[in-house]
Structures are given as structure tokens and as C-alpha cells.
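S.K.: I'd like to ask you about the structure that follows.
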Amino acid sequence: MIAAGGLIVLSVIAAGCGGGGGSGPKIALLLPESKTSRYESHDRPEFETKVEELCEECEIIYSNANQSTSEQQSQAEAALTKGANVLVLDAVDATAVGSVVKKANEEEVPVVSYDRLILGAKVDYYVSFDNVKVGELQGESLSAKLKEDGSPSGPIIMINGSPTDNNAKLFKQGATEVFEKEGVNVAKSYDTPDWSPDQAQNEMQQAITALGKNGFAATYAANDGTAGGAIAAMKAAGIEPASKPTTGQDAELEAIQRILVGEQFMTVYKAITPEAEAAAEIAVALAEEEEVPSGLVNGKTNNELEDVPSVLLEPIAVTKENIKDTIVKDEFWTTAEICTAPYKAACKEAGIE
């Protein structure tokens, strides 16, 4: 049994999927979806690499829920049945996953709430970013751009994230507080089920139909997937995306490329490597029934049940001007990955090739 304050890591299981030596503790990693590219391209491999570095004999039980709450519950239960010693869980639904957390609690398996905060259930640790700050960065960047473009009050369209994701609520909270402070008018606002880019495109089409091509000055999109959907809708309506700045988040490769050519205004870069590695360090310590490394935890976050020991990392606003000093410098994406043929000229102009 892990003492109070220990971690519970919720993980996902996929048939035939796993890593590590397999003879030691079992760590389950359960991720929520694949429409956001970061989970398979960064979170999973970087978590697995760190676990294997710290614990060669550890077995990693992995799965991705593909945005299905019921699938995630089944995967987590399967991980527990397979003897997972820790669950690292990035919840599809912040509250519905509580039943799985309760089951883990009953089996004395620690749970780590990864990236998205699990609400109303007993979790041991929370590893994420300051998500209100993410929204504030988006709001501040867009507000400044509106002033620069001579439309300080907008109006804008808000394409928010999934209503079942607590992080989406925090992003929206941070951005909305900035918009209210700066006097930015929100003409239309949508919550996007499953963070679906296709749904975001539909929402944007509805907004353009209602407001007209000239009835808005910019778009707040909560992440890069929804930004891509909004930008696709603008293009389909004959609107030049560069004339209607759009925010984003996650520094997806396609978003960085859109920023370089002027289609997207900004994104929020969350350095996933330290996030994934912090979760891995906590998971290994819990799995081996050792102390969590000192200095990792830097705060507490209330999850509507208790204050959860937390590792909270700082997000960074990224525009064309600082791609080189953030994304490229950290090798989040390499120059070769970014500067493919259609983007070579833009890369050269931005000084990253």
C-alpha cells in the first residue's frame, strides 16, 4: 500500500501494447485521445522513455481511449486486473472517471491525474500546467493583436474545448477574464465536443453565417486542432485567415507551419517533456514504494474534494517571432520536420533554416 499522499497513476491498456522489462512493477498509462497529436508523438514516448530509464524491469501498460469515456473505464479496469501498481490517467471525462479512481483506491493502487485534473475523486498527485495561465496567455496575445490591428474590442468568436474536459473550462476561464478586462466583445461562443476539429469547423461556419464575413475581427480557438477547423471554415467562406488572427495551443506541427505562413496567429507551447518525465518519476517512485523525489511538487490544486499535491509547469505563448527560441531550441519539432518544401521560404524568413 502507498501511504497517503502517494500517487495513483491511471493508465490505459491496449492489446499487445506495452514496454519495459516486464519482470518488475507495472505502470499503467492511459491517454484520452489521438485527435490531438501530442499524445502519441510526445506524451507517450517521452513518458515511456523516462520510465525505462529509471526502472528497466518496470512494465508499461498502455492504451489510448480515442475520446471514449466507456473505453477508458474499460482500459483502466483492465490495467487493474493485470496488476497495475500505479495508474497514470489523463481523463476523457473529468468526473465520469471517478468510478475507476474509486476502484483503484479500493485496491490501494495510487492514481496520478495527468495533464487533466480529475474532479471529485481521491487522486494522489496532479501533473500538468497552470491551465488558467494558458487561457490568459491566449487572451492577452489576442487582445494585444486586436489593439495592434485597430480593433481593440473585437468582436471575436470563441471556439472552446470539450465541455467534459476540466482543462477546457480553465482555458476558457483564463481567456474570458482577459477579454472582460480588456473590453473585448465575444459575438459567438461554442464548446466543442471531444475537441473535434470537424466540429470546430462546423461551429465556425455557423458563426460566419450568423455574423457575416466582416462581422468578427478574430477567433479564440482553445487548441491547435480547433484552430485548424476554424481556419478551414474561414478559407471555405473566402476569408483570408491572416486577416482574422486565430489562437491555438499545444504547438502541433501543423500549427507551427500555419503560424509561419500567417494563417494562425499564435499557439501555446507546453513543454511536454518535463511534464511526461515528472509523471514518470512519480509513477516509478510509487510503483517501487519509494519516496517521490523531493522538489518535484510545487503546489496544490483543489479538485473539488481535496487539495492535491501538484507539479505545475509554465506555458509559453509562441508566435512567428519566437518559434526559433522555443520550439526549435527545445527540439520539440526539428527544423527538418517544420521546414518541408511548402514552408521553406517562410522558415528562411523566420530565420529558422
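Every read-out reported here was derived from the displayed coordinates using simple, explicitly stated rules and does not represent laboratory data. Remember, predicted model here, so these are calculated numbers, not experimental data. Here Cβ is always computed from backbone atoms with ideal geometry, including for glycine, and neighbour counts include all displayed protein chains.
S.K.: Picking from Tyr190, Tyr126, Tyr62, which is most flexible by a Gaussian network model of the chain using Cα springs under 10 Å?
M.R.: Tyr190
S.K.: Can you list the HN-Hα couplings for region 46-63, worked out from phi with the Karplus curve (6.51, -1.76, 1.60; θ = phi - 60°), rounded to whole Hz and with x for Gly and Pro?
M.R.: Once rounded to whole Hz, the list reads 6, 5, 4, 4, 5, 4, 5, 5, 7, 8, 4, 8, 5, 9, 9, 9, 10, 7.
S.K.: Using helices alone, I'd like the mean residue ellipticity at 222 nm for the chain: each DSSP H run of four-plus residues gives -39500 (n - 2.57), total over residue count, nearest 500. Provide the component values of the computation, followed by the final result.
M.R.: Numbers: 11 runs with 131 residues, N = 353.
Counting only the DSSP helices, I get -11500 deg cm²/dmol.
S.K.: If I take every Cα pair under 8 Å that is 6 or more residues apart in the chain, average their sequence separation and divide by the length, what percent do I get for the relative contact order? Could the numbers behind the result be given before it?
M.R.: On the way: 840 pairs, mean separation 62.7, N = 353.
So the answer I get is 18 percent.
S.K.: Whole-Hz Karplus ³J(HN,Hα) for region 191-204, in order, using 6.51 cos²θ - 1.76 cosθ + 1.60 and θ = phi - 60°, x for Gly and Pro?
M.R.: 9, 9, x, 6, 6, 6, x, 5, 5, 4, 5, 4, 4, 5
S.K.: Pull up all non-local amide H partners of Thr301: gap of 5 or more, or a different chain, and H-to-H distance under 5 Å with H placed in the peptide plane.
M.R.: Amide H neighbours of Thr301: Val308, Ser310.
S.K.: Ordered by residue, what ³J(HN,Hα) values in Hz, to whole numbers, does region 220-232 give under the Karplus form 6.51 cos²θ - 1.76 cosθ + 1.60, where θ = phi - 60° and Gly and Pro are x?
M.R.: Computed from phi, the couplings for region 220-232 are 8, 10, 6, 8, 6, x, 5, 4, x, x, 5, 5, 4 Hz.
S.K.: Now, a different point. Any chance you could run the full-extension gain for Asp307 through Leu211? It's 0.36 nm times the residue separation minus the Cα-Cα distance, nm to one decimal. Walk me through the numbers on the way to the answer.
M.R.: Details: separation 96, 0.36 × 96 = 34.56 nm, distance 4.31 nm.
Stretched out fully, the Asp307 to Leu211 stretch lengthens by 30.2 nm.
S.K.: In terms of modelled amide H atoms, which long-range or inter-chain residues lie less than 5 Å from the amide H of Phe129?
M.R.: The answer is Leu313.
S.K.: Less than 9 Å Cβ to Cβ from Leu29, Lys/Arg counted +1 and Asp/Glu -1: what total charge do the surrounding residues give?
M.R.: Net local charge, Leu29 excluded: -2.
S.K.: Out of region 59-110, which trypsin sites (Lys or Arg not before Pro) are coil in DSSP terms and have no more than 15 other C-beta atoms within 10 Å?
M.R.: Numbers: sites: Lys82, Lys102, Lys103; in loops: Lys82.
When the trypsin sites (Lys or Arg not before Pro) of region 59-110 are filtered for loop state and at most 15 Cβ neighbours within 10 Å, Lys82 remain.
S.K.: For the chain, what proportion of DSSP beta bridges, expressed in % and rounded to the nearest 5, is antiparallel? Don't jump to the answer; show the numbers that get you there.
M.R.: Numbers: 12 of 38 bridges.
Beta bridges within the chain, antiparallel portion: roughly 30 percent.
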